[in-house]
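Trainee: Take this structure first; my questions come after.
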Amino acid sequence: SSEPRSGGGCGGPAGRFPTSARSRGRGGGPGRPLLPLPSAGQRHRAPSTSPGCAATMASSEEDGSNGGASEAGEEREATGKRRRLGLLATAWLTFYNIAMTAGWLVLAIAMVRFYMEKGTHKGVYKHIQKTLKFFQTFALLEIVHCLIGIVPTSVLVTGVQVSSRIFMVWLITHSIKPIQNEESVVLFLVAWTVTEITRYSFYTFSLLDHLPYFIKWARYNFFIILYPVGVAGELLTIYAALPYVKKTGMFSVRLPNKYNVSFDYYYFLLITMASYIPLFPQLYFHMLRQRRKVLHGEGFSKFSSTSPAVQAAHMKQGSKEGSEYSSGFYNVFGSSINPFDIGGILLLEDEDELFVAGKLPIFSLDCATELAMGVSKLENVD
């Protein structure tokens, strides 16, 4: 028998009928509790219902009749709100990337015109510094975009990239005027300008869903030269600033002071330069891997028009990523996909799955093979 419930329930005593017994005759079907037969006096008597139970039953009936419609309405409202927010975010990002592309184009034109008129690089930084400071500082919004979730990028990675540029502009080149005419300043300025024009135009055309292949190609090829050139320019500029920083002690905090804290900007710059050694190769090879994925994916999609197996695998990945280009081929921008070639069989690596563009089965001790007419799918087995 069950313990009595405190407070009672709808209809009858506080106790509950045993649920262990299964009805075979008068309770209905299996799994229902065995109900007692009513007495003779109770058979013709209308069931009594307490006010609380009546309210509960009325509420239950109302929920049953209107709950589904209410939930559907709320879902439609939430979907509409997400759609409006999505459109608003897309509109803002499109405006932002167009503005940044235009800003860096203005910067590039100003640099070229200055050199053509003066015939020297000396004074170019002073000529373009206001435009550079404005648009490079404006890039802090990219961290905000990551924080509020309208751009699916790591806040940490974006923060490091943007802050390093801010550091070079404000705490190095702006603050240390004797180095503003160094060749190394022009070196990183040219690398930054071409990189940013390419990057922001890539984002703009992607948002407009009309990405020219040349912009995509430039995005994933120019960095091969521009990235090392930019890093070299930054390091040489910091190195040129070291004597001035050491002589003047700028931005340094000496002991004793009321906070009992010391900071030496000279050694901070040395540590910053040393940090390029482990960080540069990682970022550079990461970009090379991204380049291989993206550009190989483009060729892969074109080849897929003649290979049903490759096309099926490509369409599967495209549907997972949820985007499509005007050419009709699904993209392969996902970080988990990487085409490679083994023994003449073209493979797509998708996390723990391999799609084989061919009819030859591939067996491995760590894989289970599922053969199909056009595509073989291999899944890792733990």
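The values are calculated or read from the model by the stated rules, or taken from the named source; none is laboratory data. Since this is a predicted model, take the numbers as computed values, not measurements. Note: ideal-geometry Cβ built from the backbone for every residue, glycine included; neighbour counts use all protein chains shown. Just so you know, the surface numbers come from the protein's heavy atoms only, side chains and all, with ligands and any DNA or RNA stripped out. Shrake-Rupley method; radii C 1.70, N 1.55, O 1.52, S 1.80 Å.
Trainee: Beyond 27 Å between alpha-carbons counts as too far, so tell me which of Lys130/Lys293; Lys81/Lys133; Lys118/Lys177; Lys122/Lys247; Lys130/Lys216; Lys122/Lys246 fall in that bin.
Mentor: From the list (Lys130/Lys293; Lys81/Lys133; Lys118/Lys177; Lys122/Lys247; Lys130/Lys216; Lys122/Lys246), the Cα-Cα distance tops 27 Å for Lys130/Lys293; Lys81/Lys133; Lys130/Lys216.
Trainee: Based on the mean of other beta carbon atoms within 10 Å per residue, what is the order of 139-149, 75-85, most packed first?
Mentor: Final packing ranking: 139-149, 75-85.
Trainee: On a full-extension model of 0.36 nm per residue, what is the gain between Thr131 and Glu183, subtracting their alpha-carbon distance, rounded to one decimal in nm?
Mentor: Working it through step by step, the gained length comes to 16.8 nm.
Trainee: First compute the accessible area of region 124-275 with a 1.4 Å probe, then give the percent of it belonging to carbon and sulfur atoms.
Mentor: Carbon with sulfur: 69 percent of the solvent-accessible area.
Trainee: ³J(HN,Hα) across region 265-270 via Karplus (A = 6.51, B = -1.76, C = 1.60, θ = phi - 60°), whole Hz, x for Gly/Pro?
Mentor: 5, 4, 6, 4, 5, 4
Trainee: How far is it, in nm, from the label point at His174 to the one at Asn221 when both lie 7 Å from their Cα along the line to the Cβ?
Mentor: 3.6
Trainee: Over region 171-284, give the accessible area per residue in Å² for a 1.4 Å probe, as an integer.
Mentor: On a per-residue basis, region 171-284 sits at 55 Å².
Trainee: Also: Any idea of the accessible area per residue across region 76-143, 1.4 Å probe, to the nearest Å²?
Mentor: Normalised by residue count, the accessible surface of region 76-143 is 64 Å².
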